[in-house]
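Read the structure below first, then the notes.
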Amino acid sequence: MNHQQLAALLFPDVTESREDVEARFPKRDLPEGAKVTRIGPSPTGFIHLGNLYNAIIAERLAHQSGGVFYLRIEDTDQKREVPGAVETILRSMAYFGVYFDEGATIDGNKGDYGPYRQRQRAGIYHVFAKWLVEQGMAYPCFCTAEQLDVTRERQQANKELTGYYGPYATCRNLSLEEVQANLEAGKPWVLRFRAPEEQGTILVNDAIRGALKMPSNNMDFVLLKSDGIPTYHFAHCIDDHLMQSTYVIRGEEWLASLPMHVALFEAMGWEPPIFCHTATLMKLDTVPDDNGGEKQIKRKLSKRKDPELALAYYQQEGICQDAVWEFLLTLLNSNYEEWRIANPEASYLEFPYTLEKMSNSGALVDLEKLDNISKDVICRMPAEEVYKKWSAWCKEYNPDFYALLTDYKDKTLKALNVGKGGKKPRKDLVSWKQACQFMSFYYDETFQREDEFPEQVDEATRKEFFRRYLESNDFSADQSAWFANVKAITGDMGFAVRPKDYKKHPEDYKGSIVHTTNMLRIALTGRANAPDIWEVSNVLGEDCVRARIEKWL
Ligand code: GLU
């Protein structure tokens, strides 16, 4: 077989040489040790937590080293593509504070190593595909899906390895004339890699998993599909070489095809990037056991069963960006929590992330843990920042509340400072969505009574207490003077000022100060559980406090 002729026959339109193409992607001018990383999501419209998990690793590696982090759209599977998916990717990444130095933009490209959408790079892949054919390392295959099915069934029946290889790789031996005849007959073809006859082992040093020893590739896998678009394997090799990725961070589902990638880099004569295969995200699930009870199992997060797999979930729930980062950093590096305790004020971006501290067993996504991290994160944030982030979320997801936050900015800022100071600051806010619910009592527009007044206190007594409170309360009093007054009315009306007195002799009292303050709290906030009454009253202001109490007189 004359490989040059075969190559010319298959790629009549390719005029460039591989050197020509490589010259268009000059060596990046970066400081020593700078890492070049990327994410390569497919534009399927579904972007998940695993994408963000990998993006954070890649972003950290690049930006901690003064390198480059870029976005490549892996759109080789046109069937799965949905319109607007690139925008979704960019917007979700931006929501979580992940920004690219270069890569695909909504309608174009930013950077010198593009285009950053794989389908737009078809011409580039063809140059290298042609070169492989010229070297005798790739060949066209005209087998139909039906023929491949027959082969697979035979292999399965014989308990043999399935796939296109060795004796089963029938198109390997087509003559130039046969190829020509097939092409003239308009038969569709794919381009296959010609695997070496001998199978050995490959050694790859995965930056997360350590030394990996695997059998070398023996499959004549597909490089170009019948529409001329590359497979992931081929596109990955060409792109990560030309775009000069130094680290490839991707899910462990790609481990199995690593031998193909190693074979391709070797065939091209290129040094492969450093591979980092990340663990799949898992969750604990409760399932029935054999004895009619329940047991917990660790399983992969599933798109169908677990809404928390989708990044859209965190956006819709208004989980604060910083909380999601901190949560993922705790999954990524075992020492993150320790670092956070030692550096309570620092930005998570100051954390020295390292690949060495990565675990390669499935990372556990625990939403309760995320909630706890969120509470801490929001609690640490100055009120102005909470206001800014919360209103940005409302603007998109809760316009009515956004209007309230805009109309009552000063009151909101004051409200956000309630319970903030002191040794044990309150951790009321978990997410922006929950904040709209939790903070609703501050605004007359959304205020609602959610809890009942204590039933130990009859209506007449309650009214009397409220009346006396309004008569005696000094709205400019400090907290201790305010409380002294509440205690005075409480005692005067036959309630125990000390809850423990009431506990000991309930028959001697109408109730205790717990009941009287609860009535106030419910009148003012609608809830039995709410922040400090005196602080809340200061935010609401005298008119509002009066109105809310007078309503019950
Ligand atoms: N398109 C691949 C995926 O979505 C990217 C894998 C990689 O980063 O190389 O899994």
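The values are calculated or read from the model by the stated rules, or taken from the named source; none is laboratory data. Not measured: the values here are computed from a predicted model. Cβ: placed from backbone, ideal geometry, glycine included. Neighbour counts: every protein chain shown.
Might you check whether a residue that is outside any helix (DSSP H, G or I), touching an Asp or Glu at 6+ places or on another chain (Cβ under 8 Å), in contact (Cβ under 8 Å) with a residue 40 or more places away in the chain and not charged (D, E, K, R) occurs anywhere in the stretch 175-186? Checked against the condition, which is being outside any helix (DSSP H, G or I), touching an Asp or Glu at 6+ places or on another chain (Cβ under 8 Å), in contact (Cβ under 8 Å) with a residue 40 or more places away in the chain and not charged (D, E, K, R), the stretch 175-186 yields no hits at all. Listed by first and then second residue, the pairs linking a residue in the stretch 447-475 that is in contact (Cβ under 8 Å) with a residue 12 or more places away in the chain to a residue that is exposed (fewer than 14 other Cβ atoms within 10 Å of the Cβ) and not in a helix (DSSP H, G or I), with Cβ atoms under 7 Å apart and 6 or more places separating them unless they lie on different chains, are Lys463/Leu553; Phe466/Leu553; Arg467/Leu553. I need the full set of residues from the stretch 204-222 which are among the acidic types (Asp, Glu) and within 16 Å of the ligand (Cβ to nearest atom), in order please. Asp206 - this is the single residue of the stretch 204-222 that is among the acidic types (Asp, Glu) and within 16 Å of the ligand (Cβ to nearest atom).
Ala496 falls short of the stated requirement of being more than 13 Å from Glu535 (Cα to Cα), touching a helix residue (DSSP H, G or I) at 6+ places or on another chain (Cβ under 8 Å), exposed (fewer than 15 other Cβ atoms within 10 Å of the Cβ) and not aromatic (Phe, Trp, Tyr).
Looking only at residues in the stretch 191-206 that are in contact (Cβ under 8 Å) with a residue 24 or more places away in the chain and within 38 Å of the chain's Cα centre (by Cα), the one that is surrounded by the fewest Cβ atoms within 10 Å (Cβ to Cβ) is Asn205. Residue pairs whose Cβ atoms lie under 6 Å apart, separated by 6 or more positions or on different chains, with the first residue in the stretch 510-532 and touching a residue at least 24 places away in the same chain (Cβ under 8 Å) and the second in a helix (DSSP H, G or I) and of a type in the set (Phe, Trp, Tyr), are Thr516/Phe465; Thr525/Phe441; Gly526/Phe441. Taken together, Val127, Val98, Val133 contain a single residue that is in contact with a Leu (Cβ under 8 Å, 6 or more places away or on another chain), modelled with pLDDT of 95 or more, over 30 Å from Gly66 (Cβ atoms) and of a type in the set (Val, Ile, Thr), which is Val133. The set of residues in the stretch 489-521 being over 17 Å from Arg468 (Cβ atoms) and part of a helix (DSSP H, G or I) consists of Pro499, Lys500, Asp501, Tyr502, Lys503, Lys504, Pro506, Glu507, Asp508, Val514. Please determine whether any residue of the stretch 533-550 is in a loop (DSSP other than H, G, I, E, B) and over 19 Å from Ser472 (Cβ atoms). Looking through the stretch 533-550, none of the residues is in a loop (DSSP other than H, G, I, E, B) and over 19 Å from Ser472 (Cβ atoms).
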